[in-house]
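Data first, discussion second: the structure below is written as structure tokens.
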Amino acid sequence: MITISGKSVFGGVSIGKLLFYQRNSKVIKRTHIDDVDAEWKRFQEAKDTAVDQLKGLYEKALADVGEANAMIFEIHQMMLEDLDYLESIENIIRTQEVNAEYAVATTADNFAQMFAAMDDAYMQGRAADVKDVSERVLDILSGADTGLKEMKEPCIIAADDLAPSETVQLDKSKVLGFATQYGSSNSHTAILARTMNIPAIIGMGEELLKEYSGRDAIIDGFTGTLYIDPDEETLKAMQEKREKDLEQKALLEQLKGKENVTKSGQKINVYANIGNVSDLGAVLKNDAGGIGLFRSEFLYLENTDFPTEEQQFSVYKQVAESMAGKKVIIRTLDIGADKQVDYFGLDKEDNPALGYRAIRICLTRPEIFKTQLRALYRAAMFGNISIMFPMIISVNEVLRIKEIIAEVKEELKNEGIPYKEDVELGIMIETPASVMVSRELAKEVDFFSVGTNDLTQYTLAIDRQNSKLDEFYDPHHPAVLAMIKMAAENAHAEGAWIGICGELGADLELTEEFLKMGLDELSVSPSMVLPLRKRIRECE
């Protein structure tokens, strides 16, 4: 048995034959051309054909994976119409008197290198796109057959990498999963794979050999492991794991489209907590009603410098579009305490949990805060985005936030940049202070979301990172539950709604208690959405 590890893109277990994706190899030669006008026209005809093909792929992707994920093919169409791209190709054809194939290949290499060298992660991702669209044009110019090798039986697709256009053309009924040598978890291909619910692993490197094509394989999308020629013990374990996953899917089918309502008729929203775009597939797979917590700090944690407005806008927009009108609550930057970022230059603190963190950084470094708010208000045009502010302890903080928001809106308006005027605003209830003044806070915001991890820590005066205190740390403590109940009563008294986004929301022993408190929403990890929905429907 051969075991190869990579990075999981989407969970699930698949068992079947491995099929290495075969492309038509093209050798691009530089050829002298006498009639450059005719060659330029030849390119333009190929480009127009490519645009028509991309329109067809857009329609197919629209039906398969939805509008947000189909947009990549609109982006590819725009790339083919980009003036800089076209001028480069025409210039090479005319000045060097060469064939269109050489001009396209050269331009593709130049543009891909240019994008890859940029600091912006979003622009780096465009390097693969420009290569993809150029390959399409080259196939048309050379008359290569772009059709996929026929899949006679369901199999696991292996490849060096898969372009979005290749992924969307796969016969989904015969794809058990896919494994690639390279690729990014935030690539369009990965996003498409998650939306199509295909177990997938990327980044397996040179260990994934073409010689393995045709051999028995198991792909474990939960751990990011590929087994070639699995032994009996591994096969049995993976079959059991697959059965458990299929049971979850069966539960999903039972609950899909049904309301989260108790036997006595009480309704509650069940949302999911996510850390980045790569988690979206799990949210959609588990049929969550929305996103109750998008931890935006991961944009900062995964970067080597402050993420730009455009980079943040791109991510927030993608999340909003993917959720197709469902609520997406994005928490503003929550750096500090146990989440440190070197380029923020934060001083070492004796007690970081009580220190310079979250909203305290935003209000004292407004240039960072404003960049994020600009991106959020712009992205809100593309979906149902709400904004939530962490570690609030006073009404004055909320008033100052509103002042900064007003400044951001005025700036966007003066610059002629579209933004959504009326965005729902909420705060995290994480401290006893916020609970005690929750009635006054509720007058200023649309909703509360209880961060039970921190609320428990601050209420019990126990560092939740200290394993020596585990026996004293009790999230079921009557004081913690009383805090949540008080916040709920005060929220409702002022017309605000309230939910929980901390780990306690997924504690099925407390579900009935939370329903009695009148909580409007519970947001949990994607894997807990279905068990929680099932529990709610069992409550009296």
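The values are calculated or read from the model by the stated rules, or taken from the named source; none is laboratory data. These figures come from a predicted structure and were not determined experimentally. No Cβ is skipped: glycine too gets one built from the backbone with ideal geometry, and neighbour counts run over all protein chains shown. Side chains included, ligands, DNA and RNA excluded: accessible areas come from the protein's heavy atoms. Shrake-Rupley method; radii C 1.70, N 1.55, O 1.52, S 1.80 Å.
List of remarks:
- Using only side-chain charges placed at the Cβ, +1 for Lys and Arg and -1 for Asp and Glu, the dipole size of region 225-371 relative to its Cα centre rounds to 960 debye.
- Ordering 104-110, 46-52, 216-222 by mean Cβ neighbour count within 10 Å, with the highest value first, yields 216-222, 104-110, 46-52.
- Debye log10 I(q)/I(0) at q = 0.13 Å⁻¹ for region 435-481, Cα point scatterers: -0.37
- The residue among Phe313, Thr225, Ile335 whose Cα reaches farthest toward the positive pole of the charge dipole of region 224-358, with charges on the beta-carbon of Lys, Arg, Asp and Glu, is Phe313.
- Rounded if a/c under 1.5, otherwise prolate or oblate - region 410-449, Cα gyration tensor axes: prolate
- For peptides 172-180, 258-266, sequence by mean Cβ density within 10 Å, most packed first: 172-180, 258-266
- Shape descriptor for region 427-540: Rg over Rh equals 0.97 (Cα atoms; Rh from the Kirkwood inverse mean 1/r).
- Coupling constants for region 367-383 follow from the phi torsions by the Karplus curve (6.51 cos²θ - 1.76 cosθ + 1.60, θ = phi - 60°), and in residue order they are 5, 5, 4, 5, 4, 5, 5, 4, 4, 5, 5, 6, 5, 4, 5, 10, x Hz; glycine and proline get x.
- Computed from the C-beta positions of Lys249 and Thr95, the FRET efficiency with R₀ = 45 Å rounds to 0.20.
- Restricting region 444-540 to chymotrypsin sites (Phe, Trp or Tyr not before Pro) that sit in a DSSP loop and have at most 11 other Cβ atoms within 10 Å of their own Cβ leaves Phe472.
- Computed magnitude of the charge dipole of region 431-540 (debye, nearest 20; Cβ of K, R +1, Cβ of D, E -1): 140 debye
- Among the protein heavy atoms, those of Ser165 account for about 10 Å² of accessible surface (1.4 Å probe, every chain in place).
- Sorting the Cα pairs of the chain by distance into bins of 20 Å, from 0 upward, gives 19, 48, 28, 5, 0 percent per bin.
- Surface composition of the chain: carbon and sulfur atoms hold 49% of the protein heavy-atom accessible area at a 1.4 Å probe.
- Which of Met79, Asn273, Ile404, positive extreme of dipole for the chain (C-beta unit charges): Asn273
- Global form of region 1-135, assessed from the alpha-carbon gyration tensor, a/c cut-off 1.5: prolate
- Database remark: amide H of Ile429 closer than 5 angstrom to the amide H of Ser449, Val450, Gly451 (H placed geometrically; neighbours at sequence offset of 5 or more, or on other chains; Pro and chain starts carry no H).
- Each Lys or Arg adds one and each Asp or Glu takes one away; over the other residues whose Cβ falls under 15 Å from the Cβ of Thr106, this sums to -3.
- Å² per residue, accessible surface of the chain at 1.4 Å: 45 Å²
- Computed accessible area, Ser296, all protein chains, 1.4 angstrom probe, square angstrom: 0 Å²
- Table column - 3J(HN,Hα) (Hz), region 410-425, Karplus curve with 6.51, -1.76, 1.60, x for Gly and Pro: 5, 4, 4, 5, 5, 8, x, 9, x, 8, 8, 6, 10, 10, 5, 10
- Computed about the Cα centre, the dipole magnitude for the chain is approximately 1140 debye when only Lys and Arg (+1) and Asp and Glu (-1) carry charge, each at its Cβ.
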